[in-house]
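Heads up, the thing below is written out as structure tokens.
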Amino acid sequence: MAVDELDTRILRLLLEQPRTSVREYARILGVARGTLQARLDRMEREGVITGTGPALSPAALGHPVLAFVHIEVTQGNLDEVGDALAAVPEIVEAFSTTGGGDLLARVVARDNAHLEDVVQKLISLPGVVRTRTEVALRERVPHRLLPLVEAVGRAARR
């Protein structure tokens, strides 16, 4: 989808002021409310905007340990293992990958002992050959999209 300069200004506002009303966004941007709503609807329909819920902190929910678990799967079992991962609440994301493993899961836990329990649960899943776990020590770059939106906006102006 082509994102133009107005779209990037809208996205920037959504990221910087997520709790502001559509009417206020329109006022800030100097566009009609209907124009803004049509842009938002299009970007949702085309998958640019994928959610509007709050960002939650696993640490504040009692799960301060973050680990990345590489999961090697027997051939032909990727879908089944992926489905099984979805049933583990401590897995907050999982991706099929290339390289040293078949899946990469982002896992949160209450403490290291709990992390070990989660990893043992993953190892016991049918189709899982082995896992390799890397514990995150400190977040260096928090999840962000604003720099990407700004780069897309600069490219749209060219």
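The values are calculated or read from the model by the stated rules, or taken from the named source; none is laboratory data. Model, not experiment: these values are computed from the prediction. A quick note on method: Cβ atoms are made from the backbone with ideal geometry, for glycine too, and the neighbour counts reach across all protein chains shown. For the accessible areas, the whole protein counts, side chains as well, though only heavy atoms, and no ligand, DNA or RNA atoms are used. Shrake-Rupley method; radii C 1.70, N 1.55, O 1.52, S 1.80 Å.
With Gly51, Gly100 as the choices, which residue is exposed (fewer than 10 other Cβ atoms within 10 Å of the Cβ), touching a strand residue (DSSP E or B) at 6+ places or on another chain (Cβ under 8 Å), over 17 Å from Gln120 (Cα atoms) and not basic (Lys, Arg)? When all the criteria are applied, what remains is Gly100. On the basis of being part of a loop (DSSP other than H, G, I, E, B), out of contact with any Phe, Trp or Tyr (no Cβ under 7 Å at 6 or more places or on another chain) and modelled with pLDDT of 95 or more, does Leu115 make the cut? Here the answer is no, as Leu115 does not meet what is asked. The conditions of being modelled with pLDDT under 95, farther than 15 Å from Leu145 by Cβ and open to solvent by 60 Å² or more (accessible area, probe 1.4 Å) are met by Arg19.
Within region 132-139, can one find any residue that is touching a residue at least 40 places away in the same chain (Cβ under 8 Å), assigned to a strand (DSSP E or B) and open to solvent by 80 Å² or more (accessible area, probe 1.4 Å)? Looking through region 132-139, at least one residue is touching a residue at least 40 places away in the same chain (Cβ under 8 Å), assigned to a strand (DSSP E or B) and open to solvent by 80 Å² or more (accessible area, probe 1.4 Å). Among the residues of region 72-85, just one is open to solvent by 80 Å² or more (accessible area, probe 1.4 Å) and either in contact with a Cys (Cβ under 9 Å, 6 or more places away or on another chain) or in contact (Cβ under 8 Å) with a residue 24 or more places away in the chain (or both), namely Glu80. Evaluate the following for Ala38: is it surrounded by 11 or more Cβ atoms within 10 Å (Cβ to Cβ), part of a strand (DSSP E or B) and out of contact with any Asp or Glu (no Cβ under 7 Å at 6 or more places or on another chain)? Criteria not met by Ala38. Checked against (1) in a helix (DSSP H, G or I); (2) open to solvent by less than 70 Å² (accessible area, probe 1.4 Å); (3) farther than 27 Å from Val149 by Cα; (4) of a type outside the set (A, V, I, L, M, F, W, C), Gly62 passes all but a single condition, namely (1). Exactly one residue out of Val92, Val88, Val31, Val69 is open to solvent by 60 Å² or more (accessible area, probe 1.4 Å) and either over 17 Å from the mean Cα position of the chain (by Cα) or at pLDDT 95 or above (or both): that is Val92.
Scanning region 103-129 for residues that are in contact with a helix residue (DSSP H, G or I) (Cβ under 8 Å, 6 or more places away or on another chain) and surrounded by fewer than 11 Cβ atoms within 10 Å (Cβ to Cβ) returns a single hit, Pro126.
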